[in-house]
Structures are given as structure tokens and as C-alpha cells.
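A quick write-up on the structure given underneath.
The values are calculated or read from the model by the stated rules, or taken from the named source; none is laboratory data. Just so it is clear, the model here is predicted, and its values are computed rather than measured. A quick note on method: Cβ atoms are made from the backbone with ideal geometry, for glycine too, and the neighbour counts reach across all protein chains shown. Each accessible area value is taken on the protein alone, full model and side chains, heavy atoms only, with ligands, DNA and RNA left out. Shrake-Rupley method; radii C 1.70, N 1.55, O 1.52, S 1.80 Å.
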Amino acid sequence: MRAGIREIVLPAVAPGSSIMPGKINPTVAELIMNICDKVFANSSGLNVGVHAGWLENDSNSSLPLKAILDSCQLLSRGAMVLVEKVVKGITSNSERCLEQAQMSLAPALFLQKIIGKNETKKVLEFALINNISLADSYRKLIGEIEKGSLLEDLFDVYLLSRKEGAKNFMNKLRLFTQ
């Protein structure tokens, strides 16, 4: 799959399951969903009340104000829980990020400037059909990648992930295409 899934790791807020060891229970996500349901219900009730005349000058109903204040309080407290229990604990899944970067087909845009449109199309289709990286596809269809070449730089995820490395690659590519 080349869709970018599992690049982050959510903290284990409520780990454990009697029937599925290793499962992480999504308690905070469920809490936020319940809060959103309640806020939506308050909003719907408020809309009905507005149409029924609750907000007219002579209305004595405190229900609209209570609905708004409840929603604000729920959202505020829910957001604080989400930040404390989830957002602050999010980490990257470095191995998965590397795997996804290596399997990306995006470098084909630059590859066509180096080896031409027709050859790139073959390499790209072969990579897609066989679920392999562009670099592996290139090796199988065209041959080994020369050390120190522009192609080696193109397929070097570590190099291109750094600002200076990407800048140097773009400069080399510019010179190559002139």
C-alpha cells in the first residue's frame, strides 16, 4: 500500500483487552466523539428553540444559554484532555515513514527528466504492478544505479529528506537538464 498509513503512533491511553492482547482502546477518541455528539445535539436543540421564539425579548427560557455554555465547556475540556492524553504523546513511526518514502512513486517526476518520459513510464508501471520501489524497478528494467550519480541521489531517501540534500539534488538536476 502506498497510501501513507501508520506513520504516527498514538500513546496507549487505555491499553489492554481480555480477548485481544496488544489492542489499544481508543477511549479519548470515543470521548471526543461523544462530546461532538452532545454539542451537535445542543446545536440542534438551539436551532429548534430559535425557530420557536426562545430568543425573543420576552422569553424567560435559559435553555439556549445553557446549551451554548455546556457546548463551550465540553469542547474546551475535551480539547484539553485530547492534548494532554493524545497529542503530546504522538510519536513518529520512523520505520514506517522510511518504508513509505522508499515506496513513493513521486520521484518519477524527476526520473523522467533524467531518463526520459517513455523509460520512466515503464519503470513506474513495473514498480506499481510489482509493488516495489522505483529504485528496484529501475534496477530490474534498466540496470544498476551508478555510484555518485544523479539517480543514486534521487533514490536516496535520507539525502532528499534533509533540506541541504534536497537543495543539492535540485541544483545537480538543474545542471543536468541544461
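Per-structure values
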item	result
Residue list for segment 91-120, restricted to those being under 16 Å from G143 (Cα atoms) and among the charged types (D, E, K, R)	E119
Residue in segment 115-127 that is farther than 26 Å from I8 by Cα, open to solvent by less than 50 Å² (accessible area, probe 1.4 Å) and touching a Phe, Trp or Tyr at 6+ places or on another chain (Cβ under 6 Å) present	yes
Residue in segment 70-81 that is open to solvent by 70 Å² or more (accessible area, probe 1.4 Å) and among the β-branched types (V, I, T) present	no
Selection from segment 156-178 of residues that are open to solvent by 40 Å² or more (accessible area, probe 1.4 Å) and hydrophobic (A, V, I, L, M, F, W, C)	L160, M170, L175, F176
Criterion (open to solvent by 50 Å² or more (accessible area, probe 1.4 Å), among the small types (G, A, S) and at pLDDT below 90) met by exactly one of S92, S62	S62
